[in-house]
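*Asks:* My structure is below; once you've seen it, I'll send some questions.
Quick note: the coordinates plus some simple rules give every number you see, no bench work behind them. These figures come from a predicted structure and were not determined experimentally. All Cβ positions, even for glycine, are placed from backbone atoms using ideal geometry, and neighbour counts span all protein chains on display.
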Amino acid sequence: MGLFEVLFEAGRAGKDALLARSLQEWINMHTDFGKVTDVKLDARARRLEVVLELKGETEPVTITLHDYRIQRDGERLSVEVGRITASREWIAILAQRFVANRPLALPVPAKYEWIVGLLV
């Protein structure tokens, strides 16, 4: 691997880490059912892993989104996940049944427009 490739990969990994940390903070600010303790993002592989400490659970729960797709639709962001796995079988079953392969439209406030550019 040449110098350019090494620098490019380092930049990509840094961007993924920054977005993962921002996502973790955002989720924690907007939920009351537990706390996200870790987020790992691999934008190239289109994979997002979230570790949560959910209220009522004694062990952390890991949920992984595989083959996600993000598209801009005006002032909204359309997110669709191809496959979802989880460390709790019942969560994986429900997520596959009701969330996977269904587009979810999210409004994007103007102050977060720069993040959309990194995702799409």
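*Asks:* Using modelled backbone amide H atoms (1.01 Å from N, in-plane), which distant-in-sequence or interchain residues come within less than 5 Å of Asp38's amide H?
*Replies:* For Asp38, the qualifying residues are Val51.
*Asks:* Treat the count of other C-beta atoms within 10 Å as a stand-in for reagent exposure and order Trp90, Trp26 from fewest to most. Intermediate values should be presented prior to the final figure.
*Replies:* Working: Trp90 8, Trp26 14.
Fewest to most other Cβ atoms nearby, the residues stand as Trp90, Trp26.
*Asks:* Could I ask something else about it? What FRET efficiency, computed as 1/(1 + (r/R0)^6) with R0 = 25 Å and r the Cβ-Cβ distance, is obtained for Arg72 and Val99, rounded to the nearest 0.05?
*Replies:* Values: r = 20 Å, r/R0 = 0.82.
The value I calculate is 0.75.
*Asks:* Any idea how far apart Phe33 and Ala13 come out in nm if each label point goes 7 Å out from Cα toward Cβ?
*Replies:* It works out to 3.4 nm between the two label points.
*Asks:* At a Cα cut-off below 21 Å, give the lysines reachable from Lys111, other chains included and same-chain residues fewer than 8 away excluded.
*Replies:* In chain and number order, the partners are Lys15.
*Asks:* Where a Cα-Cα gap under 17 Å defines reach, which lysines qualify for Lys55, not counting those fewer than 8 residues away within the same chain?
*Replies:* List returned: Lys35.
*Asks:* Using +1 on the beta carbon of Lys and Arg, -1 on that of Asp and Glu, and nothing else charged, what's the dipole of region 3-119 about the Cα centre, debye to 20? Spell out each step's value before the answer.
*Replies:* Working: 17 positive and 17 negative charges, 55 e Å.
About 260 debye.
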